[in-house]
1. For Phe351, enumerate residues with amide H under 5 Å from its amide H, sequence gap 5+ or separate chain, H modeled in the peptide plane.
2. Quick one: divide the alpha-carbon radius of gyration of region 454-501 by 2.2 N^0.38 Å and tell me what you get.
3. Mean 1/r over all different Cα pairs, inverted: what Kirkwood radius does region 323-368 give, in Å?
4. Only loop residues by DSSP count here, and only those with at most 11 other Cβ atoms within 10 Å; note down the GluC sites (Glu not before Pro) in region 414-501 that meet that.
5. Got a number for the accessible area of Tyr402? Probe 1.4 Å, square angstrom, nearest 10.
6. What pairs in Lys436/Lys460; Lys436/Lys461; Lys157/Lys346; Lys157/Lys460; Lys432/Lys460; Lys401/Lys442 have C-alpha atoms more than 25 Å from each other?
7. Tell me, what ³J(HN,Hα) does each residue in region 73-84 have, in order and in whole Hz, if you take phi through Karplus 6.51 cos²θ - 1.76 cosθ + 1.60 with θ = phi - 60° and put x for Gly and Pro?
8. If you plug each phi of region 441-456 into the Karplus form 6.51 cos²θ - 1.76 cosθ + 1.60 with θ = phi - 60°, what whole-Hz ³J(HN,Hα) values come out, in order, with x for Gly and Pro?
Amino acid sequence: MGTSSGHQEKTLLLEPFGRRSILEKSCQTIPIATKEAAHQVSVVSEACTQTEGSDNQRVLDVDLGPLLDYPDLGEFLQRVEGIMIKELKKNWRSHAFDGYEVNWEDQNQLVSCLHTLQYPIAVERQLQVTSVTWNCTGSVIACSYGRLGDGDWSTEKAYVCTWNLDRRGLKPNNPDVILEVPSSVMCLAFHPSQPSLIAGGLFNGEVLLWDTSRTDDHLIGRTGLTADTHTDAVYQVVWIKDKPQGNKLQIMSISSDGKILVWQMEKEGRIVLLDGFALVAQQIPNNIKINKHGRGDSAVGVTCLSFSHFDQSLFIVGVEGGYLLKCFSGTQTAALASTSSSVPLKAPAQFTFCPQGGPVHCLDCSPFHRNLFVSAGTDGHAHLYSMLQAKPLMSLHLSDKYLFSIRWSPVRPLVFAAASGEGELLLFDLAKSSQKPSLCIKQTDNGRPIYCLEFNRSQKKLLAAGDANGFIKIWQLSSDFTEQGARELVILDGISSEITD
C-alpha cells in the first residue's frame, strides 16, 4: 500500500532597516511503496539412514542384559518345555502326511487327449493293439499289434512300433521304430532301466528281445521253438531280478499252457530257460469250494500275473477258470506236469481266492499297500481283494461286456483305471466314490474294445490306452487324478482292514 507525506520548511530573512520577513516553502515527496510476500512449501519428504551394526555386539548385549532379563518368561519356558518336546516327538512319528506333496499349480479338472498314434499298415490290415508299455524315461511308448479272440493267427505277420513323444516333429502316423514279427504279438514290456530293450511274447509261444537303439537288426534274442518253449500263446512278460538283492534282470513269461517260465539272456542271441513253474489242477489249494478247470494233472491256463511291490517272492496269477491264486517263487514242491522240460518245474500255488464270473484278463498289485490287488475279466467287474482273505473286499460293475485291463495309479493310492469292451476308459477314485467311476472316457466311436492301458511312471500325468481299431491314445490326466490327498494312505489301510462274511 502506497503513502504520501508532506515536508514544510520555514526560512527567516533579515531585511534592511530592521525588518524581518518569513518565507515559507513546501514540497511533496514520492509515495513510499511497501510489499509483503510469503512462500508455501507444497511437498514434504522425510529421509533417514540405517547405520551398520556394531562389530562389538557382545558389549551391547552385556550392557542390555539386565534390561532383557524377564523372570516370568524364563519360568514359563521351563514349565512348558516338556510338553512342547513331547508334542514335537509325536508330530515327528506321525504318518498323516506321508506321500503328500504341496501342489502350487492351478487345479485342472479336465482330461485331454494329447496324441492319437497309429501305424497305418497295421490299421489297414485290421490288426488290434494288444499291449502298450512305457520305457524307463517315460518318453517312449511302444505298442504291439496282433489279434485277440478265437482263431489261429500264429503265422500272420504282426508289428511292434515305438514313438518318442519328446522328439521334435513327432509324426503320429509314422512310428520311429517298426519291427516286423512273424507271429501275432500278444504282450510287451520295456526293460526297467535300459530304455531301448523290449521283451515280447508271441501267439506261437516264443519270447523275443529287441534293442531299438541298434541301426541294423533290432532282434537280439529269442527262445526259439524248443521243448522248453510255451506250447500256447504268451499273454504276459515281466522283468524280474535274479534274486532279491541281485542286479541282473530276467524275463518271466506266462501262457495258457499252464507254465510260468523264467528266462536268461545268453551269448549269441540265445535266451535259455533257468527256472519254471506249472499250475496243475490237482495241486491247486482247495481252501474254498471252486469249480476247477480240469481234473487230475491237467494244466490250468494262466492269463495274467502281478508281483507284490513289497515281497519279490510273492505274486498273484489269474487263470482261465475265473479264479486267482497266491503263489510263492521260493517253493520247492515239484509240479506234477506231464510235459518235459530241461529244468524241473515247481508248483507255486499256496492259496486260492474266490472265483470270478469268467476268465481273468488282468490283475495288478497295489504299489501303496502290501495286501491289496485288483482284478478284471469277462464278468465286467473290477474286484478289489485282500491277500489275507478269499472273498473280495468289493466288486464294482463297470461294464456290461468284458474288462480287458486294469491298473493302479503309480501316484494316487486310491485311483485305478480300467479298459472296457465297450470302448470306455474308466477312472476310479475311491476317495470320491466306492460305487461308480469318477470319469468315463469314450475312446472308440464305434464301441470297439480297449484292450490295454498303462500309466506312465515317470511322467505322472500321462496314460496310454490301445484299442481294437489299432489306435493308441495318450491321455493327459488332470490334477484330480495325479495329486495325492493328505489321508489317502489312511483310507486305503481302512479299506484293507474290512472283513467280508
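1. Excluding prolines and chain starts, which carry no amide H, the hits are Lys326.
2. Dividing the Cα radius of gyration by 2.2 N^0.38 Å gives 1.65.
3. 13.0 Å
4. Values: sites: Glu422, Glu424, Glu454, Glu483, Glu488, Glu498; in loops: Glu422, Glu483, Glu498.
In loop regions of region 414-501 (DSSP not H, G, I, E or B), the sparsely surrounded GluC sites (Glu not before Pro) are Glu498.
5. The value for Tyr402 is about 110 Å².
6. Numbers: Lys436/Lys460 23 Å; Lys436/Lys461 22 Å; Lys157/Lys346 34 Å; Lys157/Lys460 34 Å; Lys432/Lys460 20 Å; Lys401/Lys442 15 Å.
Those over the limit are Lys157/Lys346; Lys157/Lys460.
7. 5, x, 5, 5, 5, 5, 6, 9, 4, x, 5, 5
8. Taking θ as phi minus 60°, the curve returns 10, 7, 8, 10, 6, 8, x, 6, x, 9, 9, 8, 8, 7, 6, 8 Hz for region 441-456.
The values are calculated or read from the model by the stated rules, or taken from the named source; none is laboratory data. Predicted, not measured: the structure shown is a model, and the values here were computed from it. Positions of Cβ are generated from backbone atoms using ideal geometry, with glycine treated the same way; all protein chains shown enter the neighbour counts. Just so you know, the surface numbers come from the protein's heavy atoms only, side chains and all, with ligands and any DNA or RNA stripped out. Shrake-Rupley method; radii C 1.70, N 1.55, O 1.52, S 1.80 Å.
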